[in-house]
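Quick notes on the structure that follows.
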Amino acid sequence: MTKEYKGVVYAESEKEAEELLLAFCDRIDFSREWISAATWKNTLEIACTKENGIDTAERAVLKDMQDRQSATQKQARREKISDDRDEILGQIEDVDTFDDHAVSIFKQVCAQYIDGGGLNMTFGPKLSQDRYDDLCGHWRRVGGIAVKAENKVFRGFDYLPVENKEQKGKGTTGDTLERRTKQGNFFCTVVNIRFNIHINIS
């Protein structure tokens, strides 16, 4: 339970502070993974002090989000991945043996990293089960090229088998009205940020 001191509401422990701040991140649609471990620990400590409390910690999180969205930060992220991104795209773009969807998903992940976007995203078109199964192999091939790139900023090209989300009680997506049925998942880590790409199955 939070406590109050001279009008300042603060957390009793870092565990409580983390629960409250993660809930705050959800409310503002900001992924905690964008905050470094050291900065996050400092923010938790702020939330636990009588002098600063939860409000000050939440303002620190908002500042982190604004920094992430700044043009300077976007340019820094672009520069961090551009060499490997261009090298990988040079080997998979306009190549007949590569599924166009694998190329599109890779581009989407790159754009999401540069923009500092959400870590969960949905790939546009619905795919058949067979197309998805085939695409998994192509996604692995992109990963095989990525591990040979100079800076190795792309890794963890994994996927999950198709799952019926609705049957497993996972049909809702947060507070939205969207309903999920059959869905597969691709994964990719860019630098130290892990992205999850949802692929709807017809």
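The values are calculated or read from the model by the stated rules, or taken from the named source; none is laboratory data. Bear in mind that the values here come from a model prediction, so they are computed numbers and not experimental data. All Cβ positions, even for glycine, are placed from backbone atoms using ideal geometry, and neighbour counts span all protein chains on display. Keep in mind that these areas ignore ligands, DNA and RNA; they rest on the heavy atoms of the full protein, side chains included. Shrake-Rupley method; radii C 1.70, N 1.55, O 1.52, S 1.80 Å.
Numbers at a glance
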quantity: Matching residues in the range 95-116 - criterion: being surrounded by fewer than 19 Cβ atoms within 10 Å (Cβ to Cβ) and under 21 Å from residue 72 (Cβ atoms); calculated: 111, 115, 116
quantity: From the options 156, 144, residue that is modelled with pLDDT of 95 or more, open to solvent by 20 Å² or more (accessible area, probe 1.4 Å), within 20 Å of residue 194 (Cβ to Cβ) and under 16 Å from the mean Cα position of the chain (by Cα); calculated: 156
quantity: Test: residue in the range 74-97 that is in a loop (DSSP other than H, G, I, E, B), β-branched (Val, Ile, Thr) and free of Cβ contacts under 8 Å to residues at least 40 places away in the same chain; calculated: yes
quantity: Residues that are in a helix (DSSP H, G or I), out of contact with any Leu (no Cβ under 9 Å at 6 or more places or on another chain) and within 22 Å of residue 91 (Cα to Cα), drawn from the range 104-132; calculated: 104, 108, 109, 111, 113, 114, 131, 132
quantity: Tabulated pairs, the range 100-127, first farther than 15 Å from residue 198 by Cα, second among the aromatic types (Phe, Trp, Tyr) and modelled with pLDDT under 95, C-beta under 7 angstrom, 6+ apart or interchain; calculated: 116/34
quantity: Selection count, the range 1-58, where residues are in a helix (DSSP H, G or I), among the small types (Gly, Ala, Ser) and either under 24 Å from the mean Cα position of the chain (by Cα) or at pLDDT below 95 (or both); calculated: 5
quantity: Cross-chain or 6+ apart pairs with Cβ under 7 Å, the range 42-61 first and farther than 14 Å from residue 13 by Cα, then not hydrophobic (A, V, I, L, M, F, W, C); calculated: 60/43; 61/43
quantity: Count of residues meeting criterion [open to solvent by 50 Å² or more (accessible area, probe 1.4 Å) and of a type in the set (A, V, I, L, M, F, W, C)] in the range 58-75; calculated: 2
quantity: Single residue of 28, 54 found to be closer than 27 Å to residue 193 by Cβ, of a type in the set (A, V, I, L, M) and surrounded by fewer than 18 Cβ atoms within 10 Å (Cβ to Cβ); calculated: 28
quantity: Residue 149 being in a loop (DSSP other than H, G, I, E, B), closer than 19 Å to residue 195 by Cβ, open to solvent by less than 50 Å² (accessible area, probe 1.4 Å) and not β-branched (Val, Ile, Thr); calculated: yes
